Amino acid sequence: MTVRQAWGTDRRRPCRARPAGQAQAAFDLLHLRHATPFTRQAYLLCGHPGIAERAVTHAFRTAWEHWPEVAGDRDPAGWVRLVAYDYALSPWHGLVPGRRTLPAHPGPPADRALLAGLLALPRPYRRCLLLHDGLGLDLAATAAETEASTAATRGRLAHAREMLAARVPELGDARAERRVPLLAHRLGLLLAAPHVRTPLPAAHVREDCERTSRQRTGAAWGLIAVVAAAVTVALAAPEQGGAEPGPTEDARNGGVAPTASPSPTMSAPGPAPGVVPGAAYLPEVRSGNYRVHLVERDGWATVQPQASPTGPAKKAGPAKS
């Protein structure tokens, strides 16, 4: 796992099991030697004392969570420094209310001008300049820690120095061959100035990490219990639906719809008013190409022929009704 991956998962991964006393002593010694210098370096990167302190605390908490890996690294201090720099240079700090305006630097005007020039540089330039000119790392080590090529690191350093010379009068007035040594000297003075508070003790960092781990574990078990209880209740509860409809009236009567009994006050329908009953209607019968009428006569229905469209009507015999 890389250092950047460890920093990105700081809020999600629990602390490892508490190492032995020898590991605690090694961690405490690392914290004692580097916590204060790292806080001052982070201050030059972000310009905010509170963010610098949180960056270093965050870096050492992350180191304690991954202590077996950090202890086996060839440069444990560089491991922690990289995490602290990433936190201090994070662009998300500007979105928090109250952190957009940086507090005034309490040092002399020359220090304030240099710090303002540093904060005006792009973040990759700031990191390269602090590592190379401020801490004295060589070009290869600076390129490795910034995860850039040597050529890109050299270009960033050159552009950063030019931009600082244009913003800081002390550097702009110096001769070209004197600018790099002068810048390294001024950065060293800024790093030595006590503009930040003393970091929290190492024991406090370890205890806070382990307490946070216990809280996360308890919250995870509580969430599991709530989900299990909800699933149990959902499986045990009866279905909450409407009552099933009973058998219909047709089904109770054997599939035959009941007929409504006539009301005593109702009588059978008679002929419509004004209509006189007459002879029963007998339909016309078409046979062949001519049309005939059925005429009722003495209980027999005789056929009365009509003219055919193709010729004279033919006389048909009697037909039973």
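Here, each number is a calculation from the coordinates, and none is a lab measurement. It should be emphasised that the depicted structure is a prediction, and the values quoted were computed from it without experimental measurement. No Cβ is skipped: glycine too gets one built from the backbone with ideal geometry, and neighbour counts run over all protein chains shown.
Give, as ranges by residue number, the residues of segment 50-94 whose backbone N falls under 18 Å from the point 7 Å along Cα→Cβ of HIS204. Correct set: 50-64. The peptide list 151-161, 42-52, put in order of mean Cβ contacts within 10 Å with the highest first, becomes 42-52, 151-161. Rounded to the nearest Hz, the phi-derived 3J(HN,Hα) couplings of segment 24-41 under the Karplus curve 6.51 cos²θ - 1.76 cosθ + 1.60 (θ = phi - 60°) are 4, 5, 5, 5, 4, 5, 4, 5, 5, 7, 10, 5, 5, x, 5, 5, 5, 5, where x marks glycine and proline.
Using 0.36 nm per residue and subtracting the Cα-Cα separation, the extra length available between ALA237 and ARG123 on full extension is 35.2 nm. Counted residue by residue at 0.36 nm each, then reduced by the alpha carbon distance between them, the extension gain from SER149 to GLN22 reaches 42.0 nm.
Its Cα centre serving as origin, segment 88-186 has a Cβ charge dipole (Lys and Arg +1, Asp and Glu -1) of approximately 280 debye. Go ahead and run the numbers for FRET between ALA225 and ASP75, Cβ-Cβ distance against an R0 of 51 Å, rounding to 0.05. It comes out at approximately 0.70. When a/c reaches 1.5 or more, the comparison of a/b and b/c decides; with that in mind, is segment 3-211 rounded, prolate or oblate per its Cα gyration tensor? Judged from the Cα gyration tensor, segment 3-211 comes out prolate (a/c at least 1.5, a/b above b/c).
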